[in-house]
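In what follows, a single structure is set out as structure tokens and then discussed.
The values are calculated or read from the model by the stated rules, or taken from the named source; none is laboratory data. This is a predicted model, so every value here is computed, not measured. Heads up, the Cβs are rebuilt from the backbone with ideal geometry, glycines too, and the neighbour counts pull from every protein chain shown.
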Amino acid sequence: MKNKSKFIYDFNKLCEKIYSKKNNIIVFQTDIISSSIFCKLNGQYIANKTLLEIEKFFFNKTILFPAFSNDFVSKKYDIKLSKANTGTIPNMAISSGKYFRSESPLHSFLVKGEKLEEIKKLKQITTWGQGSVFDWLYSNNALWVSLNLDLNRGCAIHHMAEEKAKVPYRFYKLFKGKLYNNGKYEKDVFEKKYSYYKKYYKRLNYDKWPAIMRRKKDFEKIIINKGLFANVSTAKKIVDRSYVFYKKNPYGSLNLKK
């Protein structure tokens, strides 16, 4: 019980610091492993309590969780049943039935809060481009919280900059498939994404672009203990800074042979 109480106490301290940023739109990209190991608690417990505390603490905000899925690559995507590859917390949120899942089969977000209706009206042209949730987050300068994740793993919105800068290792690809809702077929859908060429996949390395964020001091690392931290910045800063990185070096996120 002591470990459980300590985790909740510490997590609320983290929430207080995030809340003090006074942003009304907050994205949580999450990982639970370090907290589970440090607190010696079951991962399911950590995930459940993290989700519940976020919902309680930010009840008057619009909160989002990335819920990306690879199912659509196999031509079949289910709004309710396609699991997110972004961790335990988004999958718990999907199962809870309390969240709206945005329309992108490849890069959906789970959304809850007063701005939900705005997101429901979005009509994306490309995954990271005009009309996407990413574009909406950028336009509204949402707060992006990488929970227990370093910037190179916890800032999915930075891919917007790759599309904006038209990096040469990606190209526009049209994905087509069938959309289901809890097992029931709804319609045929498609999505256009600025995808990487397969030959470059094993060379992708996103360790370098965060350096510009560090130099410009455009993010804050909030450390509560060895098992609980968050890298916090705004969507606009993440995209704008990484755009500068890619314009300067279009191959900056590739390990290239000399």
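State the number of residues belonging to the stretch 179-208 that are touching a helix residue (DSSP H, G or I) at 6+ places or on another chain (Cβ under 9 Å) and more than 17 Å from TRP128 (Cβ to Cβ).
5
How about the stretch 60-92: which of its residues are assigned to a helix (DSSP H, G or I), among the aliphatic types (A, V, I, L, M), closer than 26 Å to LYS176 by Cα and modelled with pLDDT of 95 or more?
The answer is none; no residue qualifies.
For the stretch 196-240, give me each residue that is part of a strand (DSSP E or B), under 20 Å from the mean Cα position of the chain (by Cα) and in contact (Cβ under 8 Å) with a residue 24 or more places away in the chain.
TYR196, LEU204, ILE222, LEU228, PHE229, ALA230, ASN231, VAL232, SER233, THR234
Could you go through the stretch 111-118 and let me know if any residue there is touching a residue at least 12 places away in the same chain (Cβ under 8 Å) and in contact with a helix residue (DSSP H, G or I) (Cβ under 6 Å, 6 or more places away or on another chain).
Taking every residue of the stretch 111-118 in turn, at least one turns out to be touching a residue at least 12 places away in the same chain (Cβ under 8 Å) and in contact with a helix residue (DSSP H, G or I) (Cβ under 6 Å, 6 or more places away or on another chain).
Which members of the stretch 137-180 meet the condition of being farther than 20 Å from SER102 by Cβ and among the hydroxyl-bearing types (Ser, Thr, Tyr)?
TYR169, TYR172
Can you find a residue in the stretch 188-201 that is surrounded by 12 or more Cβ atoms within 10 Å (Cβ to Cβ), of a type in the set (Gly, Ala, Ser) and under 17 Å from ASN70 (Cα atoms)?
Yes: one or more hits.
Of everything in the stretch 241-258, what is in contact (Cβ under 8 Å) with a residue 12 or more places away in the chain and not in a loop (DSSP other than H, G, I, E, B)? Give them in sequence order.
If the condition is that a residue be in contact (Cβ under 8 Å) with a residue 12 or more places away in the chain and not in a loop (DSSP other than H, G, I, E, B), then ARG241, SER242, TYR243, VAL244, PHE245, TYR246, LYS247, LEU254 are the ones that fit.
In the stretch 1-12, which residues are more than 11 Å from GLU53 (Cβ to Cβ) and either assigned to a helix (DSSP H, G or I) or not aliphatic (A, V, I, L, M) (or both)?
Those that are more than 11 Å from GLU53 (Cβ to Cβ) and either assigned to a helix (DSSP H, G or I) or not aliphatic (A, V, I, L, M) (or both): LYS2, ASN3, LYS4, SER5, LYS6.
With (1) surrounded by 14 or more Cβ atoms within 10 Å (Cβ to Cβ); (2) under 29 Å from LYS76 (Cα atoms); (3) modelled with pLDDT of 95 or more; (4) among the charged types (D, E, K, R) as the list, and LYS237 as the residue in question, which single condition is left unmet?
(2)
Looking only at residues that are crowded, with 22+ Cβ neighbours inside 10 Å and out of contact with any Lys or Arg (no Cβ under 7 Å at 6 or more places or on another chain) in the stretch 102-128, which one is farthest from ALA47 (Cα to Cα)?
Looking at the filtered set, the residue picked out is TRP128.
Checking the structure you have, find out if any residue of the stretch 121-133 is closer than 20 Å to SER233 by Cα, of a type outside the set (Phe, Trp, Tyr), in contact with a strand residue (DSSP E or B) (Cβ under 6 Å, 6 or more places away or on another chain) and assigned to a loop (DSSP other than H, G, I, E, B).
Among the residues of the stretch 121-133, not one is closer than 20 Å to SER233 by Cα, of a type outside the set (Phe, Trp, Tyr), in contact with a strand residue (DSSP E or B) (Cβ under 6 Å, 6 or more places away or on another chain) and assigned to a loop (DSSP other than H, G, I, E, B), which makes the answer no.
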